[in-house]
Amino acid sequence: MILLARLDDAKAARQQKPLISFNGATLRLGGKTIIENLDLTVRPGEFLCIVGASGCGKTTALRLAAGLYRPTGGAVTFDGQAMLEPRREVAIVFQDYGKALLPWRTAAGNISLALEASRIPARERPGRIAELLRKVGLPAHAEKYPAEMSGGMQQRLQIARCLAQEPTTLLMDEPFGALDAMTRQGLQDEVLSLTAATNTTVIFVTHDLDEAIYLGDRVVGLLPHPGRIGIELDVNLSRPRDQLATREHPEFLRLRRQLFDFIKATEH
Amino acid sequence: MILLARLDDAKAARQQKPLISFNGATLRLGGKTIIENLDLTVRPGEFLCIVGASGCGKTTALRLAAGLYRPTGGAVTFDGQAMLEPRREVAIVFQDYGKALLPWRTAAGNISLALEASRIPARERPGRIAELLRKVGLPAHAEKYPAEMSGGMQQRLQIARCLAQEPTTLLMDEPFGALDAMTRQGLQDEVLSLTAATNTTVIFVTHDLDEAIYLGDRVVGLLPHPGRIGIELDVNLSRPRDQLATREHPEFLRLRRQLFDFIKATEH
Amino acid sequence: MSLARTKPLLLPLAALLAFELWIRLAHLQSDSLAPPSAVLAALVAALADLTIPIATRDTLLAAFAGLAIGSIIGLGLGIAFGVSSMLDRLMEVTVEAIRPIPSIALLPIALIALGFGYRMEIVIVTFACVWPMLILSRTAVRGIEPRLMEVSRALRLTPVQRTIKIIIPAALPRIFVAFRLSAGIALIVAVTVEIAINPLGLGAGIMLAQQALRPDLMLAYLVWIGAIGYGLNLALIVVQHRLFGRAATAGAGS
Amino acid sequence: GSAAAQAKIQIGCTATSDCASAMVAVDEGIFKKHGLDVEMTPIAINSNIPAAILSNSIQIGGPTSTVFLQAVDGGLDLVGIAGASVMNTTSNNAITAFVRNGITINEPKDFVGKKVGAPGLNAFLHVLFVKWLVEKGVDPKSVKFVEVTFPTMADIIKSGSVDAVLTAEPFVTRMTNAGLGSVGARYAVELARTDPIIFYAASREWAEKNAATVTKFRDAIAEAAVIVNSDREKASASIAKFTKQPLDLVKATPPNQSEPRLKPENLSWWIEVMLSQKMLQSKLDTSKLVLN
Amino acid sequence: MSATAMIWRMASFAVAAGFVGLWQLIANLKLVSPVFLPGPDRAWTALVRGFASGDLASKLVGTLEHMAYGWLAASIAGIALGALIGSSRLMRTYIAPSLEFLRPLPVSAIIPVAIALFGLTEGMALFVIAFGAIWPIMLATIHGFAAVEPRLYEVARALQMSRPAVVFKIALPSALPDILAGMRLSLTVALILSVVCEVLAGLDGLGHWVLLSARAFRSADLFAGVILLGAMGYVTSVAMSLAERRLLAWQSMR
Ligand SMILES: Nc1ncnc2c1ncn2[C@@H]1O[C@H](COP(=O)(O)OP(=O)(O)OP(=O)(O)O)[C@@H](O)[C@H]1O
Ligand SMILES: Nc1ncnc2c1ncn2[C@@H]1O[C@H](COP(=O)(O)OP(=O)(O)OP(=O)(O)O)[C@@H](O)[C@H]1O
Ligand SMILES: [Mg+2]
Ligand SMILES: [Mg+2]
């Protein structure tokens, strides 16, 4: 059911007008061009993955999409309007999870922040918080402060807070970087089913090629110095995906090899 | 040559007395037992990898080995003496790289800190710093401040600072978590050759099972709540290892499957 | 002068104008208040005949000397207390009991022990400057990212190295705030000592003007003191930007 | 000794006309004539003078009788060395209790329950006023005293925060002219005393070591006192110069009478009054208070 | 309070007692003239006598009231102004420079002006104390706002939080350690200024007691007042520590 719906969605999306689009976006920071002339569109409901070598500009591109940076050249638009400020329907999972949590609030309090921002009545919050904590595998840690949590737990907490926003668009910057393989796979599937169910648009930055292919409708590889698009691959793997079957699919392996060669070529 | 020497070393090591040993080490924090009755020994020159689910206590175990925590029960010894304070010959790569760098010093300045600590004369430092930056792939970023570097760059900078200490023991907490596959493989080989050349003892925490097997002489899997040893595997793969050949070796695949099953079993 | 530079002046100018009008219209007669125009005239006259410049030199000499000594002592103690919670706890009662003692209450004793002049004033300014420095630098040290302290432990930095290379730079922005605060306090205390006892500097000038029933001159001194403090603070802010430069701006994002 | 005589002598006084004799002696070169090198130091608050003397910041000071006696009572070893000013009809006339508009004082009893501002609690005017109340059979405890410095009196009377202030010229005239109230009582006139207001004092140690200097100082003060009492122009000029008050203002009020001689018995009335007001803890021996 | 905290406090008192012993020794050896430095024994006797006569107790209450109201007013105004300036560019350009001009004005010199404006009232005292005590709080708040981890402001932007929400949920809690340190300093400043007010404006309180004792050269009485001031400072600071420990519990976890 969901599988078919999603595929149809993807088809329909091709014709739809883009939700996020980079039109020749350029960004200079500290006298250096970090991103140059980036053209990229993301359709509503699409799951786009970005990969690339360390320092190539993935985080920067995501921050442009989030409205945290304004392009110094070209434009970034969301739903047809210039993206000059972050919007509430766009949630961002930051790469440096340790800094993005409020150290004086417990896990529950940190999630509550997002609920408060969307003016969810106080009595509804505890239920929502418990549900979200369960989703990211932290049901027993509601009363812990970030400093009392492991790196992976902090990362999951941040994801929970973003989900609390009930975003229509999710920007994730290496959200599973600190997680072990199992927890990671669980969360991958959680994010996939969640975004499929709510038709959420996702831009997902990762350095893990398998992850990018497993999750994405499309994978974009960035070239460094300055950041620009080096490769763009459509992922024609059926949904819902399966941790064993999908990863063994010949198409998966083909894409993996292609991306691997790309990344390898960009080093040095 | 090195290969043989290393194998012989490993053999000899079995008879040697341990460099680091946990003797029934227990740690309670905030009223909860995080690590319980941990028995583990690391021989001089050994490369030990620790894996385990998120929040199982890997970081905590490493901090015990580093002398950053004192066990509340049992003992942790280094070279026969209780490890009550960090020692200069033991370098630690922290998981939260963003917090472990001095934001007011440039990349070069951050590395310099370790050189200053070991009283390296000022005129020798620039050469050493350049060499270290090159090793971690950041030769062009000496004058950048941490806030101007990408996550992966910060992580590599921290590694460079630890190497600057010229440690006899290296404790690394998910040091490559923010790196793309290529950079990561390059650094894995760099660390391997470096530690082999200087016969450095390493405890390496990772959530990547492949990485653990590829790097380690031995892999330990921790069980959560409270953290204790669940599995211990010797990695009988020849050295030097090779990113392609080693990873395709049947022994590698066997170990991988074994670890995978272990981790899978620990989740719920 | 561009519009942006005049903006900060709008509020005080409006206030002064209102004050002038009020005094003139209400025909206020007071031995403590005078219209701003008269104050300005008195200020110009006192600047021209060098009484204010000389008094300023005397006050600043005492204030700076006390500030320097007090800041060093306060910083040293603040860092020590921030690093060693044992020392902090042991000294808590003593520090917290001595800190609130107003130096003005001890002035008669200070006068007998040290006499008039710079020495007494410097000692009292020092006493007053130690505490804000101590309290705020202690807070600053405690607020340092714990991971950085662990880095310094792991590198086995000596206590001196740790202080110079980690603690002070990490706490410096906050310490600087404390120093700016102390600079203001030093000026205030110096003037207060002069008003209460010490026959030199701006405070003595205020007292003399007041007793001579010259509210215009008294307020001129007051305005001048405000100007000095303002200039001092501005200078310190410039130094702050110089000191922290790109590291601070890079760290603070946009 | 002669060496000490050549050293500069600092004389500390408050900005009043009481030390006019010293001011005139400086201005007219009388000290110089007697071989003294003197400099006048303005001191803001009279009660700081004993401490200033003891710390050797000044060698000679002009404390009020009350400050001096309390200092000696507290254990400071001071001696009076020459007279400065004494109460007389003119000075007593200048002292009043000035009441604000809306308050009428017909007799001393009317002060009961009122809030009265004194320029210093337990200081000269306050002690006199309490003495007056006691003599008129009013319990001083029934009056609430607060401290109000001279320069703020006009503003405070106007604001109605106090009902009356104990004050002196030129403030009486200024406040009357400004229409802030009226004179409620001339208590000093009614007491009609002629005891010292302020006299020159030094530490006993210094005075005994510099006996010759003290003699020269007394001679110079005696000479200057004549000018103060007879030549208002000169006196006013010197006072204005020292206090930085406008000359017109100074001229408007006659300076307090200078009286260079100081005898031990001059202090006995003060001792008695202060004892009765519980301001002294011991019975002081007048003979030790003044250097002969 | 836990047992260990109790032991530490006892140890701290023991250290303070050591200092008192030293003071007694100095007094006994007459290193300083007993006229100015009475031993703790004489000061204690004077303290007991003062309380027995009921005088000292009423003065204590007077000072406590001045301090408490002044400090509260300063805290509320300081945090509000600091938050406004720290979070609004408009305020920074229009208001901050004027405040920087007022900051160095010595309270002792403001008092005559305040009396002219407010009369000799408790309101005047409140104004003067708050005027002096506001700066540490305001400065600390502004700095605390500036030092918030930039990533947290980005989180707030991403959540489209309203400006009040950003102030109350992100900036204020993050600045809380700084603000509390500022409030702690201000508490002392408020106490000192209460005394200054009492001394210079003749309001009833310990400051006046100390002043009269100093004027009457009763050093034992003076020290009795000083001891009370120290004790007040200590008690209020302990209360402050308790509040800090509660409010900053998260900080000790780091
Ligand atoms: N300071 C602390 N106080 C209380 N509990 C803590 C503290 N630090 C860690 N813990 C708890 O100890 C457990 C182990 O944490 P640790 O950081 O060692 O996990 P980890 O294995 O490194 O996980 P990850 O892979 O996610 O980094 C977690 O459940 C965490 O909540
Ligand atoms: N504030 C800044 N000022 C100057 N240069 C910056 C700034 N932020 C990032 N850069 C530079 O921009 C480049 C891209 O950084 P970015 O963080 O986008 O990389 P990334 O692709 O996310 O890398 P990683 O995978 O390591 O996180 C890097 O070379 C970095 O040094
Ligand atoms: Mg990045
Ligand atoms: Mg960890």
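The values are calculated or read from the model by the stated rules, or taken from the named source; none is laboratory data. Remember, it's a predicted structure, so these values are computed and weren't measured experimentally. Positions of Cβ are backbone-derived with ideal geometry, glycine not excepted, and every protein chain shown enters the neighbour counts.
Among the residues of the stretch E:139-158, write down those that are touching a residue at least 24 places away in the same chain (Cβ under 8 Å), at the interface with chain C (Cβ under 10 Å from one of its Cβ atoms) and in a helix (DSSP H, G or I).
Matches in the stretch E:139-158: E:LEU139, E:ALA140, E:ILE142, E:HIS143, E:GLY144, E:ALA146.
Can you work out which of the residues in the stretch B:83-114 that are within 14 Å of B:PRO175 (Cβ to Cβ) and assigned to a loop (DSSP other than H, G, I, E, B) is farthest from the other protein chains (Cβ to nearest Cβ)?
Looking at residues that are within 14 Å of B:PRO175 (Cβ to Cβ) and assigned to a loop (DSSP other than H, G, I, E, B), I get B:LEU101.
To keep it simple, each residue is scored yes or no on (1) buried (at least 24 other Cβ atoms within 10 Å of the Cβ); (2) of a type outside the set (Ser, Thr, Tyr); (3) under 15 Å from E:ALA109 (Cα atoms).
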{"site": "C:GLN161", "(1), (2), (3)": "no, yes, no"}
{"site": "C:PRO169", "(1), (2), (3)": "no, yes, no"}
{"site": "C:VAL177", "(1), (2), (3)": "yes, yes, no"}
{"site": "C:SER182", "(1), (2), (3)": "yes, no, no"}
{"site": "C:GLU194", "(1), (2), (3)": "yes, yes, yes"}
{"site": "C:ILE206", "(1), (2), (3)": "yes, yes, yes"}
{"site": "C:TYR221", "(1), (2), (3)": "yes, no, yes"}
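Could you tell me which numbered condition B:ALA196 fails, if it satisfies all but one of (1) within 14 Å of ligand 2 (Cβ to nearest atom); (2) part of a helix (DSSP H, G or I)?
Among (1) within 14 Å of ligand 2 (Cβ to nearest atom); (2) part of a helix (DSSP H, G or I), B:ALA196 violates only (1).
Look at B:ARG88 and say whether it is within 16 Å of ligand 2 (Cβ to nearest atom), under 30 Å from B:SER150 (Cβ atoms), of a type outside the set (Val, Ile, Thr) and surrounded by fewer than 18 Cβ atoms within 10 Å (Cβ to Cβ).
no
Residues are listed down the side, and each one gets a yes or a no for (1) surrounded by fewer than 24 Cβ atoms within 10 Å (Cβ to Cβ); (2) within 16 Å of ligand 4 (Cβ to nearest atom); (3) not in a helix (DSSP H, G or I):
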{"site": "B:GLY186", "(1), (2), (3)": "yes, no, no"}
{"site": "B:ILE203", "(1), (2), (3)": "no, yes, yes"}
{"site": "B:SER238", "(1), (2), (3)": "yes, no, yes"}
{"site": "B:PHE252", "(1), (2), (3)": "yes, no, no"}
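If only one of E:PHE19, E:PHE36 is of a type in the set (Phe, Trp, Tyr) and within 14 Å of chain D (Cβ to nearest Cβ), which one is it?
Among E:PHE19, E:PHE36, only E:PHE36 is of a type in the set (Phe, Trp, Tyr) and within 14 Å of chain D (Cβ to nearest Cβ).
Within the group C:PRO132, C:PRO169, C:PRO159, which residue is in contact with a Leu (Cβ under 6 Å, 6 or more places away or on another chain) and modelled with pLDDT of 85 or more?
Of C:PRO132, C:PRO169, C:PRO159, the one residue that is in contact with a Leu (Cβ under 6 Å, 6 or more places away or on another chain) and modelled with pLDDT of 85 or more is C:PRO132.
I need the full set of residues from the stretch A:224-235 which are more than 19 Å from the chain's Cα centre (by Cα) and either at negative phi or hydrophobic (A, V, I, L, M, F, W, C) (or both), in order please.
A:PRO224, A:PRO226, A:GLY230
Considering E:SER87, E:SER12, which residue is within 14 Å of chain C (Cβ to nearest Cβ) and surrounded by 15 or more Cβ atoms within 10 Å (Cβ to Cβ)?
Checking each option against the conditions leaves just E:SER12.
As an exercise: evaluate A:GLY24 against (1) crowded, with 16+ Cβ neighbours inside 10 Å; (2) at pLDDT 90 or above and give the number of the one condition it does not meet.
The one condition A:GLY24 does not meet is (1).
Give just the number: which of (1) part of a helix (DSSP H, G or I); (2) crowded, with 24+ Cβ neighbours inside 10 Å does D:ASN92 not satisfy?
Among (1) part of a helix (DSSP H, G or I); (2) crowded, with 24+ Cβ neighbours inside 10 Å, the lone unmet condition for D:ASN92 is (2).
If D:ASN292 passes every condition in (1) surrounded by 15 or more Cβ atoms within 10 Å (Cβ to Cβ); (2) touching a Pro at 6+ places or on another chain (Cβ under 9 Å); (3) not in a helix (DSSP H, G or I) but one, which one does it miss?
Of the numbered conditions (1) surrounded by 15 or more Cβ atoms within 10 Å (Cβ to Cβ); (2) touching a Pro at 6+ places or on another chain (Cβ under 9 Å); (3) not in a helix (DSSP H, G or I), the odd one out for D:ASN292 is (1).
Could you check how many residues of the stretch E:213-241 are at the interface with chain D (Cβ under 8 Å from one of its Cβ atoms) and either closer than 23 Å to E:ALA68 by Cα or of a type in the set (Ser, Thr, Tyr) (or both)?
1
Kindly establish whether A:THR200 is more than 16 Å from ligand 3 (Cβ to nearest atom) and among the hydroxyl-bearing types (Ser, Thr, Tyr).
When the stated conditions are applied, A:THR200 passes them.
Hey, which of the strands (runs of 3 or more DSSP E) in the stretch D:104-184, taking only ones fully inside, have at least 1 residues that are away from chain E (no Cβ under 12 Å)?
Ranges flagged: D:164-167.
Filter the stretch A:200-249 down to residues that are touching a residue at least 40 places away in the same chain (Cβ under 8 Å) and of a type in the set (S, T, N, Q) and give me whichever is farthest from A:SER54 (Cα to Cα).
My answer is A:SER238.
Which residue, of C:GLY82, C:GLY115, C:GLY74, C:GLY143, is surrounded by fewer than 24 Cβ atoms within 10 Å (Cβ to Cβ), more than 8 Å from chain E (Cβ to nearest Cβ) and either closer than 20 Å to E:MET183 by Cα or in contact with a strand residue (DSSP E or B) (Cβ under 9 Å, 6 or more places away or on another chain) (or both)?
After ruling out the rest, the residue left standing is C:GLY82.
Within the stretch B:132-158, how many residues are part of a helix (DSSP H, G or I), within 12 Å of chain A (Cβ to nearest Cβ) and closer than 14 Å to B:LEU101 by Cα?
10
Taking the stretch B:145-165, which residues are more than 24 Å from B:ALA61 (Cβ to Cβ) and either more than 16 Å from ligand 3 (Cβ to nearest atom) or of a type in the set (Phe, Trp, Tyr) (or both)?
The answer is B:TYR145, B:ALA160, B:ALA164.
Given the criterion farther than 26 Å from B:LEU157 by Cβ, hydrophobic (A, V, I, L, M, F, W, C), out of contact with any Phe, Trp or Tyr (no Cβ under 7 Å at 6 or more places or on another chain) and not in a loop (DSSP other than H, G, I, E, B), identify the matching residue among B:ALA75, B:ALA61.
After ruling out the rest, the residue left standing is B:ALA75.
From the list A:LYS58, A:LYS99, pick out the single residue that is in contact with a Leu (Cβ under 9 Å, 6 or more places away or on another chain), within 16 Å of ligand 2 (Cβ to nearest atom) and without any contact (Cβ under 8 Å) to a residue 12 or more places away in the chain.
A:LYS99
Check D:ILE11, D:ILE43, D:ILE60 and return the single one that is touching a strand residue (DSSP E or B) at 6+ places or on another chain (Cβ under 6 Å) and at the interface with another protein chain (Cβ under 10 Å from one of its Cβ atoms).
D:ILE43
Would you point out the residue of the stretch B:174-231, among those that are more than 13 Å from ligand 1 (Cβ to nearest atom) and of a type in the set (Asp, Glu), that is farthest from the other protein chains (Cβ to nearest Cβ)?
Per the criteria, the residue is B:ASP217.
Just one of D:VAL99, D:VAL67 is buried (at least 21 other Cβ atoms within 10 Å of the Cβ), in contact with a strand residue (DSSP E or B) (Cβ under 6 Å, 6 or more places away or on another chain) and modelled with pLDDT of 85 or more; which is it?
Selected residue: D:VAL99, the only one of D:VAL99, D:VAL67 that is buried (at least 21 other Cβ atoms within 10 Å of the Cβ), in contact with a strand residue (DSSP E or B) (Cβ under 6 Å, 6 or more places away or on another chain) and modelled with pLDDT of 85 or more.
Being among the aliphatic types (A, V, I, L, M) and surrounded by fewer than 23 Cβ atoms within 10 Å (Cβ to Cβ): is that true of B:ALA107 here?
no
So, in the stretch B:166-183, of the ones that are touching a residue at least 24 places away in the same chain (Cβ under 8 Å) and surrounded by fewer than 22 Cβ atoms within 10 Å (Cβ to Cβ), which residue ends up nearest to B:GLY67 (Cα to Cα)?
Step by step, filter the stretch B:166-183, then rank; the result is B:THR168.
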